[in-house]
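The structure appears below as structure tokens.
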Amino acid sequence: MDLYSEIIKGNINALSKAITLVESTLETDQEKSQELISKCINKEYNSVRIGVTGIPGVGKSSFIEKFGEKFIKENKKVAVLAIDPSSEKTRGSILGDKSRMQSLSNNHNVFIRPSSNSGTLGGVSNKTKDSIILCETAGFEIIIIETVGVGQSETLVSKLVDIMLLLSITGAGDRLQGIKRGIIELSHLIIITKDDGENRNRVKETILDFKSTLALNTNIDNQWIQKALSCSAQENTGILEIHKNIDKYIRQSKSTNFFNIKREEQNIFWIHKILREEIGNRKFNNLRENNLIVKIENKIIKNNINIYKIIRDI
């Protein structure tokens, strides 16, 4: 099977095989995946990448199921890349997100791919960026990244997505203090889940607390004013308001060209990250001091030369 030709046709089986290839640690598979990704990054995509993060138990999977249904009603193709924590002993992972999104996963316009983070910090795996590119090549317009959900280390996902959603619950208290200087500052929307039943009054109080916190945060990008919203996956309420705010942010960022600038900055971030991991900080700093990093960036971005090929030649 020619994976590339099948992926651009929207073949889900080919997409699944391609992501498995990308995630493989075998050297032969890595060479094949690098060649495949090089073909895919030539294409231009009309996609929106959405990061969804939050502490364990906040209801990320339940939220994504209701959240994704709205895009489906708009006849958009939705891919969900769900990152699960891996065991330190076995390196295995439960990968149960797909079973928690049964309604969404049964739709032919939805692709859900659970993946292990393989011990990588940051809420995503090292191969998540390549998986996003593969999903976009297959024609998916909405790419949702569901992070591990461990808190402070979740900030890396912001280097992959166009907009960040932080889910929280009432009574999170001290657990939120630990991530306030990280993920809260990077999130465009703070969403209090489980706004139903006897919990409604507590949700209102939590939103007021968050609004006080957000008023002190002036670092969010593109002059966007952070918002604290609420929703209930159980009662399917608040989801429409979240969609409206996402649309508003995307329109605003595209009107100022910030959308494209941010993607370019993210590409450079990942080039630097991979270079540092593959050649080490000392050699990376030597390349930067000799003004060679920009040349490498241009080769990868403008000339579409695979980064690993460049690394082999360094």
Residues of region 244-263 satisfying the condition of being over 20 Å from the mean Cα position of the chain (by Cα) and either in a loop (DSSP other than H, G, I, E, B) or buried (at least 17 other Cβ atoms within 10 Å of the Cβ) (or both):
Thr256, Asn257
Check Ile225, Ile239 and return the single one that is of a type in the set (A, V, I, L, M) and buried (at least 18 other Cβ atoms within 10 Å of the Cβ).
Ile239
Output yes when any residue across region 40-55 is over 18 Å from the mean Cα position of the chain (by Cα) and without any contact (Cβ under 8 Å) to a residue 60 or more places away in the chain, and no when none is.
yes
Reported set for region 283-305 where residues are in contact with a Lys or Arg (Cβ under 6 Å, 6 or more places away or on another chain) and outside any helix (DSSP H, G or I) is Ile305
Go through Glu241, Glu235 for me and flag whichever is under 30 Å from Ile192 (Cβ atoms), assigned to a loop (DSSP other than H, G, I, E, B) and either at pLDDT 95 or above or more than 21 Å from the chain's Cα centre (by Cα) (or both).
Glu235
Looking only at region 264-314, and only at residues there that are of a type in the set (Val, Ile, Thr) and at pLDDT below 90, the one that is farthest from the chain's Cα centre (by Cα):
Ile314
Please work out which one of (1) closer than 30 Å to Ile307 by Cβ; (2) touching a Cys at 6+ places or on another chain (Cβ under 8 Å) is the condition Gly238 fails and give its number.
(1)
Selection count, region 220-232, where residues are touching a residue at least 12 places away in the same chain (Cβ under 8 Å) and either assigned to a loop (DSSP other than H, G, I, E, B) or not assigned by TED's automatic domain parsing to the domain that holds Ser62 (or both)
4
Inspect region 211-219 for any residue being part of a loop (DSSP other than H, G, I, E, B) and touching a helix residue (DSSP H, G or I) at 6+ places or on another chain (Cβ under 8 Å) and give the result as yes or no.
yes
Across region 220-273, what is the number of residues that are out of contact with any helix residue (DSSP H, G or I) (no Cβ under 7 Å at 6 or more places or on another chain) and on the phi > 0 side of the Ramachandran plot?
3
Neighbours by Cβ (under 9 Å, 6+ apart or cross-chain): first from region 241-258, more than 15 Å from Ile191 (Cα to Cα); second among the basic types (Lys, Arg) and assigned to a helix (DSSP H, G or I):
Ser253/Lys262
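The values are calculated or read from the model by the stated rules, or taken from the named source; none is laboratory data. Since the structure is predicted, the reported quantities are computational estimates derived from the model, not experimental observations. With ideal geometry, Cβ positions are generated from the backbone for all residues, glycine too; neighbour counts draw on all protein chains shown.
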